[in-house]
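Reviewing the structure listed below.
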Amino acid sequence: MDLSEKEKGILDHQLNGLPPTNLSHRSTIFEYATAFDKTVLLISSICAVIGGILNPFIALIYGVLVGAFGDYAVGSVEADEMWSNLSTYSLYYVYLAIAIFVVIYISTVGFYYSGERIIRALRNAYLKAILRQSMAFFDTHGPGEISTRIMSDMNLAREGITSKASVALTAVATFGAAFVITFIIYWKTALVLSPTFVIVVAVGSFGAAHVVRQHERAMTLSSQASSLADEAIASMLLVSAFSIQEHMAAKYSACLTSAGRSDIRSRNATAGMIAWSNAVPPLVYALTFWACSIFLVRGEVSVAALTTTALAVTIGAFAIIRIVPAAQALSSTVASAGLILDEIARRSPQDPFASSGDCPAAVQGDVELRGVSLIYPSRDNRTVLHEVSFAWASGSGKSGVIGLLERFVDLDGKDIQSLNLSWLRGQMVLFGQEARLFDTTIFENIRYGEVGCREKTMQENPNEIRE
């Protein structure tokens, strides 16, 4: 079927939407944060970093205490001086614990508070964007995909913002502070241990990339399975009439099996990264004591410095362990948020919320169709309407004509296109063969169709419904 350039443009706009503008496209979910949310996130991030930096100071104080015990053991200090030093450094531990508790508490509360507000704004923006879309959008999306975005993907995004972001910041700050302390204590030891950190980071990066790929594939297949189940349940009469229960169940099982394989690969990669991260500390201990023993024999480091280095490196290694699951959750957040933001940025060619278009003061109600053709965007290889017919036989084009009048699909004409979409649909009353109601009262269902001043009047005076 040959289409003109204008018809191809109309179909392309229906399938892919209008070209996005700078105002309609937002690259990250943090752009849905208000100025207050950003301020809270900034303070929370600073507190998370401070809490991470304070952690390796445990090793520093511990090394000083080991040195104090060593000096007492060789008799270089008296008992009173040793007790005084012990009391002082013990108080340092108490002060350090209080400081870490305060900053981590502020960080956690701040991320949870702002994260919930951001996800709430993102949910509202996504729902409003979905309600703006034309019918072509829903023809090319399964009924379960949108609900999966709102529920599952939004929950993944919320988890990444609220809990995993603060954990990742704290862990990265801990790792960086531990490496700096090790470098200050004795730079040769830091250089010897540097390849260990590089290997851990490299394994985590490659593993996280693999996890993201498999997770995205599992999400896509799970959405397909959800759409298939929704369609089968919604069309149960047809499924039963054609006795295709086993066929639908097999297709559903195939989608779940494929999604399960991708999910298993993702979990295996995650398990491998966690196992590797837990195996790193003993290896780091071995390398640390082996290298420091050489420097100790040479007289280049003391026992206190050796102990501080070993503990600081171990704290840094365990920080990397915390980074891996947090990075996985953040990777899932990025993958989920990308799909959501792309659909929010899609500009519908028929926007019921748009204020543009004419709103005539009076309507005659006369409809004239001339040379109308209809092609559904999801099936652009077939012409649905070529010669309009109002015969009562099924399949003659009645639903297509009604869709054209309501502008659920694009019409290649200027008269009806020049009218405001919301106003146009407000001038029509359609009684379908199969009524679909929202799960609420009849009054509420009728009120959903009334927008503007009359809706406010109906809220105050429900008797107006009867008029």
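The values are calculated or read from the model by the stated rules, or taken from the named source; none is laboratory data. Keep in mind the model is a prediction, meaning the values are calculated, not measured. Heads up, the Cβs are rebuilt from the backbone with ideal geometry, glycines too, and the neighbour counts pull from every protein chain shown.
So the values come out like this:
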item: Any hit, region 128-137, residues being charged (D, E, K, R) and either within 20 Å of the chain's Cα centre (by Cα) or exposed (fewer than 15 other Cβ atoms within 10 Å of the Cβ) (or both); result: yes
item: Residues of region 170-189 satisfying the condition of being hydrophobic (A, V, I, L, M, F, W, C) and surrounded by fewer than 20 Cβ atoms within 10 Å (Cβ to Cβ); result: Val172, Phe179, Val180, Phe183, Ile184, Trp187
item: Selection within region 259-292 - within 17 Å of Ala190 (Cβ to Cβ) and in contact (Cβ under 8 Å) with a residue 60 or more places away in the chain; result: Val280, Leu283, Val284, Leu287, Thr288, Ala291, Cys292
item: Leu54 vs. criteria in the same structural domain as Ser227 (by TED's automatic domain parsing), hydrophobic (A, V, I, L, M, F, W, C) and farther than 21 Å from Ile184 by Cβ; result: no
item: Count of region 230-271 residues which are out of contact with any Ser or Thr (no Cβ under 8 Å at 6 or more places or on another chain), among the hydrophobic types (A, V, I, L, M, F, W, C) and crowded, with 19+ Cβ neighbours inside 10 Å; result: 1
item: The lone exception for Val280 - which of (1) assigned to a helix (DSSP H, G or I); (2) more than 22 Å from Gly204 (Cβ to Cβ); (3) of a type outside the set (Gly, Ala, Ser) it fails; result: (2)
item: Pairs, first closer than 26 Å to Ser45 by Cα and in contact (Cβ under 8 Å) with a residue 12 or more places away in the chain in region 112-132, second small (Gly, Ala, Ser) and not in a helix (DSSP H, G or I), C-beta under 6 Å, six or more apart; result: Ile118/Ala33
item: Pair list, Cβ under 6 Å, 6 or more apart: region 351-375 residue of a type in the set (S, T, N, Q), other residue at pLDDT below 70 and part of a loop (DSSP other than H, G, I, E, B); result: Ser373/His386
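Every residue, every condition in (1) among the hydroxyl-bearing types (Ser, Thr, Tyr); (2) more than 28 Å from Arg120 (Cα to Cα); (3) in the same structural domain as Leu311 (by TED's automatic domain parsing), yes or no:
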{"residue": "Ser147", "(1), (2), (3)": "yes, no, yes"}
{"residue": "Met151", "(1), (2), (3)": "no, no, yes"}
{"residue": "Ala157", "(1), (2), (3)": "no, no, yes"}
{"residue": "Ser163", "(1), (2), (3)": "yes, no, yes"}
{"residue": "Ala168", "(1), (2), (3)": "no, no, yes"}
{"residue": "Phe175", "(1), (2), (3)": "no, yes, yes"}
{"residue": "Phe179", "(1), (2), (3)": "no, yes, yes"}
